[in-house]
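K.L.:
Below is the structure I would like to discuss, written out as structure tokens.
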Amino acid sequence: WRCLSCHGRPAYCAPCLRASHSLLPLYQVEFLHETHYQKTWLQQVGVEIFCGHEGLPCSMQISRK
């Protein structure tokens, strides 16, 4: 993984990318697919956006079934 939005386009493993970018959900990232980088979303490494509740999941979540 690498971040196109960070200075120098640093490389990360998926857990480190998730941890370091959890508050930067609009940053552009790529992952190495065989011989080339492919653009993707931070959602692919588990970054989630929570609106309200100071960026934390709502404790009153309703099932989506």
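K.L.:
Could you compute the net charge surrounding residue 27? Neighbours are other residues with a C-beta less than 15 Å from the C-beta of residue 27; K and R count +1, D and E count -1.
P.N.:
Once positives and negatives cancel, what remains is +2.
K.L.:
Once both labels are modelled 7 Å past Cα along the beta-carbon direction, what's the residue 26-residue 38 spacing in nm?
P.N.:
Roughly 2.7 nm, to one decimal.
K.L.:
Still on this structure: Out of the chymotrypsin sites (Phe, Trp or Tyr not before Pro) in the chain, which ones are loop residues according to DSSP with at most 16 other C-beta atoms within 10 Å?
P.N.:
Hits after loop and neighbour filter: 27, 41, 50.
K.L.:
In debye, nearest 20, what is the charge dipole magnitude of the stretch 2-55 about its Cα centre with +1 on Lys and Arg Cβ and -1 on Asp and Glu Cβ, if you could check?
P.N.:
160
K.L.:
In the stretch 1-59, what GluC sites (Glu not before Pro) fall in a loop by DSSP, with at most 10 other Cβ atoms inside 10 Å?
P.N.:
In loop regions of the stretch 1-59 (DSSP not H, G, I, E or B), the sparsely surrounded GluC sites (Glu not before Pro) are 34.
K.L.:
Something else now. Can you tell me the relative contact order of the chain? Whole percent, Cα pairs under 8 Å, sequence separation 6 or more.
P.N.:
27
Bear in mind these aren't lab numbers, they're just calculated from the coordinates by the rules spelled out. The model shown is predicted, which means the values in this text are computed figures rather than measured ones. All Cβ positions, glycine included, derive from the backbone under ideal geometry; neighbour counts span all protein chains shown.
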